[in-house]
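Inspection log for the structure reproduced underneath, given as structure tokens.
The values are calculated or read from the model by the stated rules, or taken from the named source; none is laboratory data. Everything quoted here is computed from the prediction, not taken from an experiment. Cβ: placed from backbone, ideal geometry, glycine included. Neighbour counts: every protein chain shown. Protein only, heavy atoms only, side chains kept; ligands, DNA and RNA dropped before computing areas. Shrake-Rupley method; radii C 1.70, N 1.55, O 1.52, S 1.80 Å.
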Amino acid sequence: EGHCTAILDFDRSGHGEYLADLGNFIAHLNLAKLSGAHIRVDALSQALVRAYECESGRTADPLRLRLWTALGLLQLAISPFRNAYTNWRNVASLMVNRCREVL
């Protein structure tokens, strides 16, 4: 019969602040948007947080989530350069500006 092979990469796995994951995901949504993807970051972010709160029974503190999102944005600001975007300077600048807006 057919067999399925899966690879699990635990290189960056860990146990920590759950808002760090939510903020990091929201930061990635922002990067995608600023890189040209046609997505609604705010709507997707709100849906993610609502779903998390519903499933976990926890309330995501908005201030702490903004701080984690800002950290994620700063960490991702170098991605356009690392990934050789032709417009890397512009996207990196937009990421830093978005970080300011989030804070």
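In table form, for the structure just shown:
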item: Protein accessible area in the chain, 1.4 Å probe - carbon and sulfur %; result: 54
item: Within the chain, helix-based [θ] at 222 nm, where runs of 4 or more DSSP H residues each add -39,500 (n - 2.57), nearest 500; result: -21000 deg cm²/dmol
item: Summed residue charge, Cβ within 15 Å of A77's Cβ, Lys/Arg positive, Asp/Glu negative; result: +4
item: Heavy-atom accessible area per residue - the chain, 1.4 Å, Å²; result: 75
item: Residue among L44, L34, L67 with the largest mean-square fluctuation in a Gaussian network model of the chain, springs linking Cα atoms under 10 Å; result: L44
